[in-house]
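In what follows, a single structure is set out as structure tokens and then discussed.
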């Protein structure tokens, strides 16, 4: 079995924590911010965790 290459697009978007969890940035935080409430913008600015089968696929893409 050859080594798996790291998917560079995924590597730029997903952060792997020291305990092996995956973190991603949330969408909708770049423009049209004036009409969004402060609490909504705070939630958007925090990273979100990825788990389940999607997380498993992302770990494979990252070569973990």
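The set of residues from region 22-64 being under 30 Å from residue 1 (Cα atoms) and touching a strand residue (DSSP E or B) at 6+ places or on another chain (Cβ under 6 Å) comprises 22, 23, 24, 50, 55, 58. When each of 44, 14 is tested for being more than 10 Å from the chain's Cα centre (by Cα) and surrounded by 12 or more Cβ atoms within 10 Å (Cβ to Cβ), the lone residue that passes is 44.
Bear in mind that the values in this text are calculations on the coordinates, not laboratory data. Predicted, not measured: the structure shown is a model, and the values here were computed from it. Quick reminder, even Gly has a Cβ in these numbers, built from the backbone with ideal geometry, and neighbours come from all protein chains shown.
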